[in-house]
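Everything on this sheet refers to the single structure shown next.
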Amino acid sequence: MPIQSIFQPISRVPRRTVVTHLALIGLSVAGVTAVAPALADTWPSKPVTLVVPFPPGGPTDMVARVLAQSVSEQLGQSVIVDNKPGANGNIGNAFVAKAPADGYTVLYNTSSIALSPSLYNKLSYNVNTELAPVALTAVVPLGLVVNPKVPANTVEEFVKYAQAQKGKLSYGSAGNGNVTHLAAFQVVQHYKIEATHVPYKGSAPADVDLVAGQIDFMTDTINSVAPFIKDGKLKLLAVSTGKRIPNFPNAPTLAEGGMTGFEAGAWQGVMVPAKTPKAVVNRLNEVFVKALKDPEVLKKLAIQGTEPLGSTPAEYGEYIKKELARWASVVKSTGVSLD
């Protein structure tokens with residue numbers, strides 16, 4: 001059969017056939033546009049996994065589990081917290097970035113996601129292209145804490161003691177390049193202290209060693225160290241916020257201790273694989289934002305010293321862009337780099 005007989009001009013095709021084809025195309029388009037609302041109505045039809053890229057019991061995990069319970073109740077499905085620690089959160093981040101974009105694998109990320117691109121030469125995922133923002137959820141203040149054996153009750157006393165030790169002290173962090181690392185690095189750099197950095201796979205194991213005296217000090221998240229402070233197992237010398245916090249009103253800010261203008265916090269949020277349907281992203285945003293307004297959730301977060309936030313997906317996307325630029329500048333000024 002000649003080729004032209006197969007691809008005949010539309011003018012030679014019977015009008016009824018053309019109308020039929022157009023009608024079918026119209027039905028197809030209508031079917032596609034109807035997918036989003038239908039998906040929003042049927043999702044989730046099974047449990048949702050909330051990946052926390054840090055160990056159980058740490059500051060990120062503590063907030064994630066509080067929110068997961070509320071989100072689970074709203075969705076009518078289990079929200080399973082899956083801890084995938086390591087590499088400053090990048091193992092868990094990469095896992096979600098490569099997961100199916102169906103709304104059943106969700107990332108509970110931290111500010112480390114904005115630090116890593118400036119710290120690592122190579123990452124196995126791209127935060128800008130492989131992950132989509134859902135909501136900015138909370139921020140946790142940092143506190144400068146020391147083991148009780150350190151003979152200091154103020155920042156000034158600590159600085160004098162640390163400077164006299166000339167490299168004998170060590171400080172922990174939740175991982176290389178984590179905000180707990182960079183904040184401590186800035187403290188050490190500002191006060192010209194010589195100390196050895198000891199990275200851990202999250203705050204929880206670092207806190208254990210700090211309490212045991214294996215390391216001497218940290219700038220860690222308040223919700224992680226608060227129980228140890230209240231039990232007298234750690235001493236809180238200062239907080240990283242712009243003003244004093246309600247949970248520890250007697251603790252001065254680092255700015256009050258001489259680091260004028262210094263302010264840092266470990267913020268958290270929710271992200272999904274980049275191609276997740278918009279209807280699912282919007283539904284996830286709705287339930288997380290609602291959870292952040294739940295009186296019971298707010299009560300639990302307040303106990304942890306965690307400040308609830310909340311945002312639209314677009315607002316969170318813009319926030320991440322600004323944080324990527326901000327921390328790129330900080331990393332460059334500190335000279336910290338990782339392989």
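Points to keep in mind about this one:
- Per-residue surface analysis assigns Leu131 an accessible area of about 10 Å², computed on protein heavy atoms at 1.4 Å probe radius.
- Cβ-Cβ FRET estimate between Thr334 and Lys46, R0 fixed at 35 Å, reported to 0.05: 0.20
- Degrees separating the helix 295-304 axis from the principal Cα axis of the chain, which is the longest one: 40
- Length-normalised contact order for the chain - Cα pairs under 8 Å, 6+ apart - percent: 25
- 5 angstrom amide H check on Val198, placed H, neighbours 5+ away: Tyr171, Gly172, Ser173
- Heavy-atom accessible surface of the chain: percent carbon and sulfur, 1.4 Å: 57
- Between the Cα long axis of helix 155-165 and the first principal axis of the chain there is an angle of about 80°, rounded to the nearest 10.
- Scanning residues 5 or more positions from Ala132 or on other chains, those with amide H under 5 Å from its amide H are Val272, Ala274, with H placed 1.01 Å from N in the peptide plane.
- The angle between the Cα long axis of helix 313-334 and the main principal axis of the chain comes to about 40°, on a 0 to 90 degree scale.
- With a Förster radius of 35 Å applied to the C-beta separation of Asn250 and Lys321, the computed FRET efficiency comes to 0.40.
- Protein-only accessible surface order, largest first, of Lys290, Lys84, Lys192 at 1.4 Å: Lys192, Lys290, Lys84
- With all protein chains modelled, accessible area of Arg244 [1.4 Å, Å²]: 100
- For the pair Thr154 and Lys233 in one chain, pulling the backbone fully straight at 0.36 nm per residue adds 26.8 nm over the alpha carbon distance.
- Options Ala266, Thr312, Pro53, ranked by Cα towards positive dipole end of the chain, top entry (Cβ charges): Thr312
- The orientation-averaged projection of the convex hull spanning the C-alpha atoms of the chain amounts to 22.5 square nanometres.
- The Cα atoms of region 133-260 define a convex hull whose projected area, averaged across directions, is 7.9 nm².
- Comparing Ala64, Ala174, Ala279 in a Gaussian network model of the chain, where Cα atoms under 10 Å apart are tied by springs, the biggest mean-square fluctuation is seen for Ala279.
- Ordered from highest to lowest accessible area with the whole protein assembly present and a 1.4 Å probe, Asp82, Asp231, Asp61 read as Asp231, Asp82, Asp61.
The values are calculated or read from the model by the stated rules, or taken from the named source; none is laboratory data. Since we're looking at a predicted model, the values are computed, not measured. Note that we place each Cβ from the backbone using ideal geometry, even for glycine, and neighbour counts take in every protein chain shown. Protein only, heavy atoms only, side chains kept; ligands, DNA and RNA dropped before computing areas. Shrake-Rupley method; radii C 1.70, N 1.55, O 1.52, S 1.80 Å.
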